[in-house]
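This report refers to the structure that appears directly beneath it.
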Amino acid sequence: MTTTRRPRDAARVQPEVPIAAVDPTEDTSAGSSADALASDRDEAGVPVHHGWAPLGVRRRWMEPFLLAILTGGPTHGYAIIGELEQMGITGGAVDVGQVYRTLRELEEAGQVTSAWSTEAPGPARREYDLTDAGFEALDEWAAVMKERIRLIGEFDGRYLEWVARDRRTRS
């Protein structure tokens, strides 16, 4: 299976610009490729995001990890599961069914392709690969994740300030 990779460049770094928040009532389920994940785009067209708005169905949290793993090229399901476990994204074993359901939804959305491969010894394996739409979705997820990192940092800073200040006064 051949694949084309989109070149990365420094212009794709997310700038810090104020943007509008996502409508949390909007359904952005994986089946619709027309729905953007990020809340806006900057002047260069790079996805940017603001706020911690829900992004459709609950299991979507796995999508950015699957897309990121697939940037390395065609990969079969159990290798993907191994990578997810190595990342430690769950408190225990990765839900295999959830991985395959999410891969199927990404394929239906045109972000992933799959094909049977018999190159390795043993039984045929289905290999998954990113499409251009998958790379675009990964860019969107990167904007969302960067904003969530910022928000977690905000929370952590305020929490630590509260702990330092308020717990001293309670003693």
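The values are calculated or read from the model by the stated rules, or taken from the named source; none is laboratory data. It should be emphasised that the depicted structure is a prediction, and the values quoted were computed from it without experimental measurement. Don't worry about glycine lacking a Cβ; one is built from the backbone with ideal geometry, like all the others, and counts go over all protein chains shown.
So the check is Cβ under 9 Å with 6+ separation or different chains; which pairs have a first residue in the stretch 131-158 that's in contact (Cβ under 8 Å) with a residue 24 or more places away in the chain and closer than 30 Å to Ala115 by Cα and a second one that's assigned to a helix (DSSP H, G or I) and among the β-branched types (Val, Ile, Thr)?
Gly134/Thr71; Phe135/Thr71; Leu138/Thr71
Would you point out which residue out of Gly45, Gly92 is at positive phi and more than 17 Å from the chain's Cα centre (by Cα)?
Gly45
Residue by residue, here is whether (1) over 16 Å from the mean Cα position of the chain (by Cα); (2) at pLDDT 95 or above; (3) within 20 Å of Glu108 (Cα to Cα); (4) acidic (Asp, Glu) holds:
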| residue | (1), (2), (3), (4) |
| --- | --- |
| Ala36 | no, no, yes, no |
| Ser39 | no, no, no, no |
| Leu55 | no, no, yes, no |
| Trp61 | no, no, yes, no |
| Ala68 | no, yes, yes, no |
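Would you confirm, using the coordinates I've provided, whether Glu147 is modelled with pLDDT under 95, surrounded by 13 or more Cβ atoms within 10 Å (Cβ to Cβ) and either polar (S, T, N, Q) or not in a loop (DSSP other than H, G, I, E, B) (or both)?
Considered against the rule, which asks whether it is modelled with pLDDT under 95, surrounded by 13 or more Cβ atoms within 10 Å (Cβ to Cβ) and either polar (S, T, N, Q) or not in a loop (DSSP other than H, G, I, E, B) (or both), Glu147 comes out as yes.
Taking the residues in the stretch 83-114 that are modelled with pLDDT of 95 or more and small (Gly, Ala, Ser) as candidates, determine which candidate is farthest from Asp132 (Cα to Cα).
Ser114
In this structure, does Gly77 turn out to be over 14 Å from the mean Cα position of the chain (by Cα), at pLDDT 90 or above and among the small types (Gly, Ala, Ser)?
Taking the combined requirement at face value, the residue satisfies it.
Scan the stretch 127-140 for residues that are under 21 Å from Arg101 (Cβ atoms) and either of a type in the set (A, V, I, L, M) or at pLDDT 95 or above (or both) and report the count.
Within the stretch 127-140, residues that are under 21 Å from Arg101 (Cβ atoms) and either of a type in the set (A, V, I, L, M) or at pLDDT 95 or above (or both) number 9.
Working carefully through the options Ala142, Ala115, Ala120, Ala124, find the one that is farther than 30 Å from Arg60 by Cα and either surrounded by 13 or more Cβ atoms within 10 Å (Cβ to Cβ) or hydrophobic (A, V, I, L, M, F, W, C) (or both).
Sole residue among the options that is farther than 30 Å from Arg60 by Cα and either surrounded by 13 or more Cβ atoms within 10 Å (Cβ to Cβ) or hydrophobic (A, V, I, L, M, F, W, C) (or both): Ala120.
Is it true that Arg12 is in contact with a helix residue (DSSP H, G or I) (Cβ under 8 Å, 6 or more places away or on another chain) and either closer than 26 Å to Trp116 by Cβ or at pLDDT 90 or above (or both)?
Criteria not met by Arg12.
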